[in-house]
Amino acid sequence: MRTEQPKVIYLKDYQAPEYLIDETNLTFELYEDHSLVHAQLVMRRNPERAAGDAGAGLPPLVLDGQQLELLALSMDDQALTAADYQLDDSHLTLQPKAATFTLDSTVRIHPETNTALEGLYKSGKMFCTQCEAEGFRKITYYLDRPDVMSKFTTTVTAEQHRYPVLLSNGNPVASGSEEGGRHWATWQDPFKKPAYLFALVAGDLWCVEDSFTTMTARDVALRIYVEPENIDKVQHAMDSLKKSMRWDEEVYGREYDLDIFMIVAVNDFNMGAMENKGLNIFNSSCVLAKAETATDAAHQRVEAVVAHEYFHNWSGNRVTCRDWFQLSLKEGFTVFRDAEFSADMNSRTVKRIEDVAFLRTNQFAEDAGPMAHPVRPDSFMEISNFYTLTVYEKGSEVVRMIHTLLGAEGFRKGTDLYFERHDGQAVTCDDFIKAMEDANGVDLTQFKRWYSQAGTPRLAVTEAFDPAARTYTLSFRQSCPATPGQAEKLPFVIPVELGLLDAAGNDLPLRLAGEAQAGGGNRVISVTEAEQSFTFVDIAEKPLPSLLRGLSAPVKLSFPYDRDQLMFLMQHDSDGFNRWDAGQQLSVQVLQELIGQHQRGEPLQLDPRLLTAFRTLLDDESLDQAMVAEMLSLPSEAYLTEISEVADVDAIHAAREFTRQSIGATLFEPLLARYQANRAISRETGYVAEAAHIARRTLQNIALSYLMQSGKADVLAACLEQFKDCDNMTERLSALAVLVNSGFEQEKAEALACFADYFKDDPLVMDQWFSVQAGCGLPGGLERVQALMEHPAFTLKNPNKVRALIGAFANQNLVNFHRADGAGYRFLADHVITLNALNPQIASRQLAPLTRWRKYDDGRQQLMRAELERILASGELSSDVFEVVSKSLA
Ligand code: PHE
Ligand code: ZN
């Protein structure tokens, strides 16, 4: 907590550390009402900074430390007294006498009351840590910055009975028992690492054990630790881990480096998971999965997060970040790596569709809001606020563009050089780019603007066909809206993957003016200027362009397609992603027309072409069912909000619901046929985790949700049958969600009660139960959520619960959250104020929907701003909440 304004930290002020820590020897004594941490730091003057020392003497040593009670301090075995150092809220300052020295400290901390879940804390009955980004300073006095890398040895002592398992990074080297029922274990990590990668776990845990033989035939022990009741939900994560290890060898040539790799699942965790060296700590929601309790989507998330954290061992740990402004160096790159892994393990096109829909809805909104920042920010108040969609998702898109521009082989040359050159170092985004340039002999100077300029670029495209000259010209105009602190932007390098379709829907061979011969029908051109044209020659008939295939750049493209052209692309584009995207653009056009009708008080009239297009999809049995399901999904209300100048919440909701109703009514027969056929297979085969079955279930459930719009009794019966007689959470939760969003009050209430009764002891399933209800757009949403907050399974202390109920309501139930009287805003602000004291990171994340106030009408703007003002005036704010509130009011 703070009373003054938090300081702004600037990238331009970066300086290398004054001192280094070669060795870090830690001893933890864990007790129920406090813990003790002894740290022995073997330190020396940083030679890089020592130039002026001869005249000026050694600079003071300023260690980070927060919420620590200093019990003892000595330097080179000389006890220090209060006169020898200065202590404030966040630093311990002392004066070294020699260029090398050893510092010993003992502090008392209170993990048992740590609700912020940063540093050492308790999740249920176990001790665990979370140190990224700046949590280690809540454990001991330290140089808590990623460019200080040290060899760690850690001893943990605890009561044997309560905490039989004692873990830390690296390899176990010794253990033993003590008097009084306590025991200890010592772990040694041979790799130098920054403090943010430190981890410790103590608890009564069971583990599933397996092994992996690396490309050089070394055996690595794999262990996943969970609370005993979850031991049957670990196999999927273990399989995912082994696949990740193999994939990183095959695709990047990266081998695992320790003899043991451990994952621990904890229930209370601020984020998804953490890549601590050799000891990943996971939110249980990202590890535990079995058919009966986790949906297909949840299984895929586990696979992706396990891969992501594992991949960090190279992209993050072996090569780490110099400072936190470089966060995307590890996160953007690692998200790109995990996305490619998932694409290889599952459907590449579907993975890309999901990621792009997420990016466009959420990252584009962030990039257009008050917290917009470059992929490499230039300043921050609180680094925890910069674990953003921009750093992660847009950062990944930036790496993807490099991959697109250099090709897979060139990209691999670049990563090989990057890992070789920087192994064991803390480096910058510029170093990453330099490796790409050097390995490929290219100049990425202009490309680097993607790291420094915020905002989503616009790319407006027009066409000109000259039948006499047989040329077809595409003209591009790029621009980028102003973002906080950046009024003007320079042109980006925008790779545009494209094709030109002939009247039969085939890709024409492409030859640009000046080129000797035509290439294939798909190519990448780079738009590098504010305005730029490309002329294709030998074009006999006017083609239809397919632009930005696979979303080859994170931009908003516009081209004046009419609806018939979009329907044509939906059917014929050789790029599956663009087939989907054409369908989305068609839906957007149709929905926007309905939104206009609603606003003018006219009766809603749906363009029948959308129904025709959807019918064609349902009739074509040869299509990949996963693609059909994606293409039948209308753009979300959140996406329709993002693309609106001023979002009319009620009109958006009405237009989308009306369209869903019309689809359910008009396409009832083909939807029912698909539903029944797919459900019959589900019943016959039981749950199968394979891609084809996942696709089939997805389509089955989408069909059910449309069918239920009809309100027919036999659809209700089918839905109840599926709810009761299935063997997996994918079918059960979908049926429940469909019921919850229906008007069948009695059946709904019974299903909810029966589900909660059966799963009451499984917190992850209860999270889903909360979410399904929080997202229900029927009237009375706020009252339902308020009632659920009183449910015994709900607690504000568990971040998953907060996300499942408050987060789902504010982010996914737009029509209820934005109700015109502002009660939704007041509800969110009340809980942000409470959470600010409990868990600042979670409080600040939950705030995001309120920061988007500029998107709404005057009345809502005022109400939203008033709640932000109220939070600001509510007392002592954490730096996390203060930064977001003050920036969004600025
Ligand atoms: N570094 C983690 C990841 O993305 C995320 C994380 C950040 C977790 C901060 C906890 C705290 O893999
Ligand atoms: Zn990460």
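The values are calculated or read from the model by the stated rules, or taken from the named source; none is laboratory data. No experiment lies behind these values; they were computed from the predicted model shown. FYI the Cβ positions are ideal-geometry reconstructions off the backbone, even for glycines, and counts take in every protein chain you see.
When P554 is tested against (1) surrounded by 18 or more Cβ atoms within 10 Å (Cβ to Cβ); (2) part of a helix (DSSP H, G or I), exactly one condition is not met: (2). Once segment 314-336 is narrowed to residues that are within 11 Å of ligand 2 (Cβ to nearest atom) and assigned to a loop (DSSP other than H, G, I, E, B), the residue that is nearest to L258 (Cα to Cα) is N317.
Scanning segment 423-459 for residues that are within 17 Å of F364 (Cα to Cα) and either in a loop (DSSP other than H, G, I, E, B) or of a type in the set (A, V, I, L, M, F, W, C) (or both) yields a count of 7.
If E255 satisfies all but one of (1) buried (at least 20 other Cβ atoms within 10 Å of the Cβ); (2) in a loop (DSSP other than H, G, I, E, B), what's the number of the condition it fails? Answer for E255: the failing condition is (1).
Taken together, D89, D104 contain a single residue that is among the acidic types (D, E) and loosely packed, with under 12 Cβ neighbours inside 10 Å, which is D89. Taking every residue in segment 318-329 that is within 12 Å of F419 (Cα to Cα) and pairing it with any residue that is among the aliphatic types (A, V, I, L, M) and in a helix (DSSP H, G or I), at least 6 positions away or on another chain, the pairs with Cβ-Cβ distances below 9 Å are V319/L329; T320/L197; T320/L329. Here R732 passes the criteria (1) surrounded by 18 or more Cβ atoms within 10 Å (Cβ to Cβ); (2) free of Cβ contacts under 8 Å to residues at least 24 places away in the same chain; (3) more than 22 Å from F759 (Cβ to Cβ) except the one numbered (3).
Taking segment 1-47, which residues are of a type in the set (A, V, I, L, M) and either under 28 Å from L166 (Cα atoms) or assigned to a strand (DSSP E or B) (or both)? Lay out the reasoning, then the answer.
Here is the first cut: in segment 1-47, the ones of a type in the set (A, V, I, L, M) are 1, 8-9, 11, 16, 20-21, 26, 30, 36-37, 39, 41-43.
Within segment 1-47, I9, L20, I21, L26, L30, L36, V37, A39, L41, V42, M43 meet the criteria.
Applying the condition of being surrounded by 22 or more Cβ atoms within 10 Å (Cβ to Cβ) and of a type outside the set (D, E) to segment 127-137 and asking which residue is nearest to ligand 1 (Cβ to nearest atom) yields Q130. Taking the listed residues D767, D725, D757, the one that is acidic (D, E) and within 26 Å of H831 (Cα to Cα) is D767, with no other qualifying. Where strands (runs of 3 or more DSSP E) fall entirely within segment 84-140, those with at least 1 residues that are within 21 Å of Y31 (Cβ to Cβ) and within 16 Å of ligand 2 (Cβ to nearest atom) are at 126-130.
If I go through segment 141-154 residue by residue, how many of them are over 21 Å from G272 (Cα atoms), assigned to a loop (DSSP other than H, G, I, E, B) and of a type outside the set (A, V, I, L, M, F, W, C)?
Initial filter on segment 141-154 (over 21 Å from G272 (Cα atoms)): 141-145, 147-154.
Among the residues that remain, those that are also assigned to a loop (DSSP other than H, G, I, E, B) are: 141, 143-145, 147-149.
With the extra rule that they be of a type outside the set (A, V, I, L, M, F, W, C), the set shrinks to 141, 144-145, 147.
Number satisfying all stated conditions: 4.
When G822 is tested against the conditions (1) at pLDDT 95 or above; (2) at negative phi, the lone failure is (2).
A Cβ distance below 6 Å, combined with a sequence gap of six or more or placement on separate chains, defines the contacts here; from segment 256-273, residues that are among the polar types (S, T, N, Q) reach residues that are within 12 Å of ligand 1 (Cβ to nearest atom) in the pairs N270/L117; N270/P799; N270/Q841.
Among the residues of segment 387-405, those that are away from ligand 1 (no atom under 14 Å from the Cβ) and among the aliphatic types (A, V, I, L, M) comprise V398, V399, M401, I402, L405. Of all residues in segment 145-162, those that are over 18 Å from L36 (Cβ atoms) have Cβ atoms under 6 Å from Cβ atoms of residues that are among the β-branched types (V, I, T) and surrounded by 20 or more Cβ atoms within 10 Å (Cβ to Cβ), 6 or more apart or on another chain, in P146/T320; V148/I21; S150/I21; S150/T24. Within the bounds of segment 376-383, is there any residue that is within 16 Å of ligand 1 (Cβ to nearest atom), within 24 Å of K556 (Cα to Cα) and assigned to a helix (DSSP H, G or I)? No: zero hits.
For every residue, the table says whether it meets (1) buried (at least 19 other Cβ atoms within 10 Å of the Cβ); (2) not in a strand (DSSP E or B).
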| site | (1), (2) |
| --- | --- |
| G180 | no, yes |
| Q188 | no, no |
| K192 | yes, no |
| A202 | yes, no |
| I224 | yes, no |
| K243 | no, yes |
| D268 | yes, yes |
| I281 | yes, no |
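Residues that are over 19 Å from A553 (Cα atoms) and acidic (D, E) were ranked within segment 464-498; the one that is farthest from the chain's Cα centre (by Cα) is D466.
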